[in-house]
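Please read the structure below before turning to the comments.
The values are calculated or read from the model by the stated rules, or taken from the named source; none is laboratory data. It should be emphasised that the depicted structure is a prediction, and the values quoted were computed from it without experimental measurement. Cβ sites come from the backbone with ideal geometry, for glycine too, and all protein chains shown count toward neighbours. Heads up: the accessible areas ignore ligands, DNA and RNA and are worked out on the full protein's heavy atoms, side chains in. Shrake-Rupley method; radii C 1.70, N 1.55, O 1.52, S 1.80 Å.
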Amino acid sequence: MGKTLIFEDYIQKVFRPKIISAVKNYDRKTFMADLMAGIIVGIVALPLAIAFGIASGVSPEKGIVTAIVAGFVISAFGGSRVQIGGPTGAFIVIIAGIIEQYGMQGLTVATLMAGVFLILLGILKLGTIIKYIPYPIIVGFTSGIAVTIFTTQIKDLLGMTMSTVPSDFIEKWIAYFQNLGNIDPWSAVLGLTSVAIIAIAPRFSKKVPGSLIAIILVTIVALLLKNYAGVTTIETIGDRFSIEATLPQATVPVLSWEVIKSLVGPAMTIAVLGAIESLLSATVADGVIGDHHRSNTELIGQGLANIASPLFGGIPATGAIARTMTNINNGGRTPISGIIHAVVLLLIFLFLMPLAQYIPMACLAGVLVVVAYGMSGWRSFVALMRNPKSDITVLVLTFLLTIIFDLTIAIEVGLLCACLLFMRRMAETTDVRAIYDEIDLNEDADMQKGNLEHLTIPQDVEVYEINGPYFFGAGNRFEDIMARYSNRPKVRIIRMRKVPFIDSTGLHNLENLCLMSQREGITIVLSGVVPKVEQVLKNNGFNKLLGEENICNHIDLALARAREIVK
């Protein structure tokens, strides 16, 4: 019974959807604000959901179904008051790659697995750890995704007639240049016009999104050209897809251990990217509305959304920064606005979806080109190029791996490089130096000064000082310095007053040093060991290895002990 109560209390602390506290003092004024924000965000999300679905390699209705199902679940069970969830540009490259290699069934299974991984991340309280992924990696793969999205849209943007489009980044650009003569002028004009409309729309309208204005205007122009000018080369959504305006029934895919094993990598990529993007979006929203999201609850909500979405034929989803900011700017302040946005999308899907077949593919490509530009973060990229070489290395490597290979490899290699560089930097923070002749008592030291200003180091005694954590790398540096300066003394004093902690690698190196010195007839005396480190040393038998009398609290005691040994 007690264990059950502890478990329930733990779950309540980890999983507390924001909607519960947000509706406690809910009133009509707040509802009206959420209603208007939800309607506007729903309209904004429509063209993006269609565009992201098509760009990912699925039909347009799957993008909208994702926005409906995942958007509802994220708002109902997430840890942010204003987060709007749905398909995002960051997943386009991943989804397209999974479908190409494993098919739609593989994408469904990978998304379900990613949902489970996200729930586990939340239950294990790893929401805060996700935030510590190095910034150069985030900028690198985000910029890489942006370049990849832009690359995939060139064909539709310019209306190129191509039998096949290579999947490889470099081969794709080679194919584009080889087919410059196959550009359709009408599609190219409509695509570039869409980009221009989206770019200038914010100057005239803050409420209605430029993407929606572009789609409405360009679609009308395309219809006029087709019906009255005899232009038949403009490809529309209806020319490429058969649109069904009905919600699919929930179906559970057939699972096998072999399929699950093969999709662990893609599923982890979806989960990590979804966690990063959703928590980044929630953090940005917190800064605007002055709130604090619950990161672990948000991960669980994202996990539930990525389990629900594929069951209805949807694709991976996460928190969307642009739609979340649209929600905030239009007055949304509780998860109710996100739920309303999902309901608005559902109504549009059921009653107006057939109209989507007239939208030109070039127009959707223009929408995604602008999305890619917004994702690129080129200003952040340029700013990071002025940072230390290690950051530049991680940034450029992650960026190039993302566009040339895929995001899974980019994240894995980027994190590996970042970890190695971090280990190198941490090792460099530990300084080991040899002290000659006398010790200056005016320094902040571990000694009893009295009236002295200096302590003289006796003959046949060497003093070394470690300044910083004693872990990987520090031990090797210590050995190098001793090999360089040691004259085979009788006593070596190691000052550890500035060693805040020691890890197992440091313990191993220190033990080897003591044993090596003992074989050479040299006594090791430790000085100024802080209580925490001293306890670790005792737990590992150093008091027996060195002798209690050779672990001293102060340098003057250590020097007195050294004189005694020398005599």
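Can you give the extra length, in nm with one decimal, that the chain gains between Ile220 and Phe177 once fully stretched, where that is 0.36 nm per residue apart less the Cα-Cα distance?
12.4 nm
What does the charge add up to near Pro500, with Lys and Arg as +1, Asp and Glu as -1, over the other residues with Cβ less than 13 Å from its Cβ?
With Lys, Arg at +1 and Asp, Glu at -1, the neighbours total +1.
Kindly report, to the nearest 10 Å², the accessible surface of Ser390 as traced by a 1.4 Å probe over protein heavy atoms only.
Roll a 1.4 Å probe over it and Ser390 shows about 20 Å².
Just the number, please: carbon plus sulfur as a percent of the accessible area of segment 39-177, 1.4 Å probe, no ligands or DNA/RNA counted.
Carbon-and-sulfur percentage of accessible area, whole number: 70.
Compute the FRET efficiency between Val413 and Lys389 as 1/(1 + (r/R0)^6), taking r as their Cβ-Cβ distance and R0 = 22 Å, and round to the nearest 0.05.
Once the sixth-power term is evaluated, E becomes 0.80.
Just order 22-28, 213-219 by mean Cβ neighbour count inside 10 Å, highest at the front, would you?
213-219, 22-28
Arrange the residues Trp257, Trp186 by how much accessible surface each exposes, largest first, with a 1.4 angstrom probe.
Trp257, Trp186
What does the highest-first list of 270-283, 235-248 look like by mean Cβ count within 10 Å?
Going from most to least packed, we get 270-283, 235-248.
What distance in nm separates the two pseudo spin-label positions at Ser262 and Arg28, each 7 Å out from Cα along the beta-carbon direction?
It works out to 6.0 nm between the two label points.
Send over a whole-number figure in Å² for the accessible area per residue of the chain, probe 1.4 Å.
Per residue, the chain has 47 Å² of solvent-accessible surface.
Quick check for me: using +1 on Lys/Arg Cβ and -1 on Asp/Glu Cβ, what's the dipole size of the chain about its Cα centre, in debye to the nearest 20?
Computed charge dipole of the chain: roughly 1100 debye.
Shape call for segment 513-567 from the C-alpha gyration tensor, a ≥ b ≥ c root eigenvalues: rounded (a/c under 1.5), prolate (a/b greater than b/c) or oblate?
Cα axes put segment 513-567 in the oblate bin.
As a quick test, which of the pairs Lys125/Lys538; Lys532/Lys567; Lys29/Lys206; Lys172/Lys206; Lys29/Lys207 have an alpha carbon distance above 28 angstrom in this structure?
Cα-Cα > 28 Å for Lys125/Lys538; Lys532/Lys567; Lys172/Lys206; rest within.
Can you sort Ser262, Ser376, Ser75 by solvent-accessible area, 1.4 Å probe, largest first?
Correct descending sequence by accessible area is Ser262, Ser376, Ser75.
Show that you can apply the helix-only estimate: for the chain, add -39,500 (n - 2.57) for every DSSP H stretch of four or more residues, divide by all residues, and state [θ] at 222 nm to the nearest 500.
Result for the chain, helices only: -21000 deg cm²/dmol.
Which one of Val58, Ile94, Gly38 has its Cα pushed farthest toward the positive end of the charge dipole of segment 7-148, where Lys and Arg give +1 and Asp and Glu give -1 at the Cβ?
Among Val58, Ile94, Gly38, the one farthest towards the positive end of the dipole of segment 7-148 is Gly38.
For segment 125-181, which chymotrypsin sites (Phe, Trp or Tyr not before Pro) are both in a DSSP coil and crowded by at most 13 other Cβ atoms within 10 Å?
Those satisfying the criteria are Tyr132.
In whole angstrom, how far apart do the alpha carbon centroids of segment 133-201 and segment 9-87 sit?
Computed from Cα coordinates, the inter-centre distance equals 29 Å.
Per-residue HN-Hα couplings for segment 543-549, Karplus 6.51 cos²θ - 1.76 cosθ + 1.60 at θ = phi - 60°, whole Hz, x for Gly and Pro?
My calculation for segment 543-549 gives 5, 7, 5, 9, x, 4, 5 Hz in order.
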